[in-house]
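Written below as structure tokens is the structure these notes are about.
The values are calculated or read from the model by the stated rules, or taken from the named source; none is laboratory data. These numbers come from a predicted model, not from an experiment. For neighbour counting, all protein chains shown are included, and Cβ atoms are generated from backbone atoms with ideal geometry for every residue, glycine included.
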Amino acid sequence: MAASYTPASAGLRVRAAQGDVRRPIASALPLDTSHVSKIDNSHERCAALGLSRIERLDFSPLGRSDLTVARERNQRLYAHAAPVMEMLFEQIVNSDSMVVLCDATGTIIHSIGDHDFLTRASKVALQPGVNWSEQSKGTNAVGTALIEESPTLVHADEHYMHANHFLTCSAAPILDPRGNILGVLDVSGDQRTYHQHTMGLVKMSARMIENHWLTDDYRNVMRLHFHSRVEFIGTLMEGILAVSQDGKLVGANRGALEQLGLSGAALRMHSLPSLFGTSVPALVDRFRSPLAQPLPVELSNGRQFHVYARFNWPVWHGMESAASVSDVTPVSETPTTAASAAFATGQGTATHHAAGPARAAAGAERAGLTSLTTGDAQVGSLVDKIRRVINRDIPILILGETGTGKELLARAIHQDSERARQSFVAVNCASIPETLIEAELFGYEEGAFTGARRKGAVGKIVQANGGTLFLDEIGDMPLTLQAHLLRVLQERQVTPLGSAKAVSVDVMLVCATHRNLREMIEQKTFREDLYYRLNGLAVRLPPLRERSDLMVLVERILERENPDRRLRLSPDVLRLFQGYHWPGNVRQLFNVLRTASVMAAGEASITRDHLSDDFIEDARQCAALRPATAPMPAESESPARAATAEAPAVAPAFPPVDADTSVGRSLEDIELQSIQRAVEAAGGNISVAAKQLGISRNTIYRKLRWKTPR
């Protein structure tokens, strides 16, 4: 909508539709030519239908049985929309308004709102079971949005029927991945409470429902997440395309169509190569690791985008000779070496996921705690501590900087436990929007909304019943939700949103954080009682700069990335690695080695020519600050093994993150200073620093905003 407003003294707007009909324009509404045209066209349609502006008292709602049938017919729409409606209502509560869900015919199948306003709305039949298409109710946001197939605002006297003039309504159609209308989401309220941001909230909520639907529709299909700005990938602004194994574009969300400027039909005429100039095997190969960075692509018209691919392991495994890894991570990798190399990445999945019994039983060998011991005394001691408490119903809290491998350790704990054949459910508390995390964790009960006793969605805690629940970045959990989680852990029962019935659960709890929870307790941002409930055994994963097994990790990563050939580090590169501070920890090590392995194709060793310029520059600065260099192995000896035997522990590059000076300091301080050093070394270039650290630009921005150095 435009930002200009029509004053109340503007008088009457004249509309001709089978005679001269005059109606006052709402003084509080933004004046927009397209909006005025949309309302006028709707009024013309209503007049042509012979609708009366004075509504009869017979609202003709559906009978109870017919309403039940309508709800059952739209069960999937309701299941995706109900939790989003709850979150939306939280944003507008106590504003004399309600949230309405209609099916594709305009029939209301669900509504929630302020009690007093629901009573007023029922007097004009704005309630479940009533059809609000234009043919039935004249011009209104729901009915007009269905005809226009676009978000629609109808305010006050813009409603065709006089009885509805007290309303202001903002509605957005909900589309499936092929562009078909599934229903309409609407916020209706007293016209005196109109706010221009309401439509924005409705459109965002409708888009959220659409994205959930697309993900559910195409679980076994590659999904491309893209945007012209890389930082918008993973947000509601991103475009999402569903791609079949033969490269056909089989589905898209609204964001994709808007960014590409294509209709759903026009998009389906394209294939992955014709649109983005790449192929399915190329994407599988690039994104076989969750550490891969978005791929820059260019359309034929010159427009540029950044693309990130996600795909289901069981379905896409084997598309390339390399293993495909994405948003569904296999529970176990058959060779123990591969499991250890995975631990070296320090990378957990970006989204929550569950590994059920069937997949857990698929691997002949399991990647447990033994596979994670690589000769470092600190890691060995940590593993010994965990073995003593495993299967004893003692929660485990994993502390460590970003990139140290907290989720891989949690998976290893699960594999060595008596629960290994049950689900491992991981939830990243920092990656799920605050308004959704409660529904994701606890689920919601449809019966509480509709009177039926069918569940709308099962929460992650219930999904982990009998298995392991891993709460990553627990320090980022909203404070209000912490009390709910504490109650669940104490009572071992989960009450889904909107339900009065508790569900018993039995889970092994493993949590992880890079934050200092004790500091957060002092700052009143983390509950002390929850901390002591989670902290049965706290273990700290050491950063790479404090570990003595750097070269063992190097060997294992190289073996994993190059199974058909033996690749070594040149003496020069070995010196760089030994003198480097590794602010991104083992995740950064994996990134550097994987890129170098690709660059060194067909060669026997990795040299400086195979490393990125920013890494070399940062490593040079480290070497300049390091007091002494490590002795070099003989040419005939394996550089990795010689370094393990002869080289001293890796010296830190910067005094602020030295192992001695970091004693008693928080993990956040150490991590923050590492990030600041990397940004300084990159001359303030956040993109270069992010690549160097092996983390996203958003992570750097967030952490630099979150806390300043002391």
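In the range 195-214, how many are without any contact (Cβ under 8 Å) to a residue 12 or more places away in the chain and in a helix (DSSP H, G or I)?
Here the count works out to 1.
Conditions tested, residue by residue: (1) in contact with a Gly (Cβ under 7 Å, 6 or more places away or on another chain); (2) farther than 19 Å from residue 80 by Cα; (3) not assigned by TED's automatic domain parsing to the domain that holds residue 103.
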| residue | (1), (2), (3) |
| --- | --- |
| 192 | no, yes, no |
| 227 | yes, yes, yes |
| 232 | no, yes, yes |
| 236 | no, no, yes |
| 242 | yes, no, yes |
| 245 | no, yes, yes |
| 250 | no, yes, yes |
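Check 561, 555 and return the single one that is at pLDDT 55 or above, among the charged types (D, E, K, R) and in contact with a Lys or Arg (Cβ under 6 Å, 6 or more places away or on another chain).
The conditions single out 561.
Just checking, how many residues over the range 384-395 are within 24 Å of residue 506 (Cα to Cα) and part of a helix (DSSP H, G or I)?
5
Just checking: which of the helices (runs of 4 or more DSSP H) contained wholly in the range 492-562 hold 2 or more residues that are assigned by TED's automatic domain parsing to the domain that holds residue 399 and within 30 Å of residue 578 (Cβ to Cβ)?
Where helices (runs of 4 or more DSSP H) fall fully within the range 492-562, none carries at least 2 residues being assigned by TED's automatic domain parsing to the domain that holds residue 399 and within 30 Å of residue 578 (Cβ to Cβ).
Against the definition (surrounded by fewer than 24 Cβ atoms within 10 Å (Cβ to Cβ), at positive phi and of a type outside the set (D, E, K, R)), how does residue 405 come out, yes or no?
Answer is no for this residue.
Out of 359, 387, I need the residue that is modelled with pLDDT of 50 or more and over 24 Å from residue 584 (Cα atoms). Which one?
387
Within the range 187-221, which residues are within 16 Å of the chain's Cα centre (by Cα) and among the hydrophobic types (A, V, I, L, M, F, W, C)?
204, 208, 209, 213, 214
Can you name every residue in the range 257-279 that is out of contact with any Pro (no Cβ under 9 Å at 6 or more places or on another chain) and crowded, with 16+ Cβ neighbours inside 10 Å?
Selection gives 257, 259, 260, 262, 267, 268, 270, 271, 272, 275, 276, 278.
Only one of these is over 30 Å from residue 553 (Cα atoms) and either not acidic (Asp, Glu) or not in a strand (DSSP E or B) (or both): 398, 432. Name it.
432
Looking at 120, 178, can you tell me which residue is part of a loop (DSSP other than H, G, I, E, B) and either surrounded by fewer than 22 Cβ atoms within 10 Å (Cβ to Cβ) or out of contact with any strand residue (DSSP E or B) (no Cβ under 8 Å at 6 or more places or on another chain) (or both)?
From the options 120, 178, the qualifying one is 178.
Run down 438, 434, 473 and say which single residue is closer than 27 Å to residue 88 by Cβ, charged (D, E, K, R), modelled with pLDDT of 90 or more and in the same structural domain as residue 399 (by TED's automatic domain parsing).
473
Output the residues belonging to the range 567-602 that are without any contact (Cβ under 8 Å) to a residue 12 or more places away in the chain and part of a loop (DSSP other than H, G, I, E, B).
Passing the criteria: 601, 602.
So, of the residues in the range 486-496 that are touching a residue at least 12 places away in the same chain (Cβ under 8 Å) and more than 13 Å from residue 462 (Cα to Cα), which turns out to be surrounded by the most Cβ atoms within 10 Å (Cβ to Cβ)?
Here the residue is 486.
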